[in-house]
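Just below is one structure, and these are the notes that go with it.
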Amino acid sequence: MTGRRRFGMALAFAAILAGGCDFLPRMRSQPSSKPYERDMPAMPANLVPTTGGEVIPDAAKARTLANPVKVSAAAVDAGRTFYGYYCRHCHGERGDSRTPVGDSYLPMPTRLDSPRVQAATDGELYRAMVIGKGHEPVMKSTVPPERRWRIVHYIRTLGR
């Protein structure tokens, strides 16, 4: 074997040995996040509700639930406006359920001017509006909470 050949083989052998050595260990042993082990970033305050959102009263609690909005001409007038947005197309202008939409349902929508509805407590009317009753659609995601109690005030005027 010639000297050149020996030198080349020694160099190749050294290269193979060097490949197994750990020259830059910091690249492999640095702190890192593995899949599904990532540290979660700190959430800004009040970004996600933590109280569970709006609490819908059960039937027993609804009977005793008081309307937090004071009765006033402004509240009733606002309720009339909101009633027009969300309720009038089925229940009618006067709460008598005589509308083309109301007439298309079987059974017809509840008459809001009836003694039974007018005898219900404000909390019961609120609950029926939020969770729906019979054909009444669930209005929880449609009617904002600050408008619901004003609609209840307006419904009270329909029985007079």
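A few remarks follow.
- The residues of region 132-160 that are touching a Lys or Arg at 6+ places or on another chain (Cβ under 7 Å) and modelled with pLDDT under 95 amount to a single one, L158.
- Filtered by the rule that a residue be in contact (Cβ under 8 Å) with a residue 60 or more places away in the chain and not in a helix (DSSP H, G or I), region 59-91 gives L65, N67, P68, V69, V71, C87.
- Of all residues making up region 102-120, the number that are over 15 Å from G134 (Cβ atoms), surrounded by 13 or more Cβ atoms within 10 Å (Cβ to Cβ) and either of a type in the set (S, T, Y) or modelled with pLDDT of 90 or more (or both): 2
- You will find that of R94, R116, R111, the residue that is touching a residue at least 24 places away in the same chain (Cβ under 8 Å), of a type outside the set (S, T, N, Q) and farther than 13 Å from V152 by Cβ is R94 and no other.
- Any hit, region 82-93, residues being acidic (D, E) and surrounded by 17 or more Cβ atoms within 10 Å (Cβ to Cβ): no
The values are calculated or read from the model by the stated rules, or taken from the named source; none is laboratory data. Please read all numbers here as calculations on a predicted model, not as lab measurements. Virtual Cβ from ideal backbone geometry, glycine too; neighbours counted across all protein chains shown.
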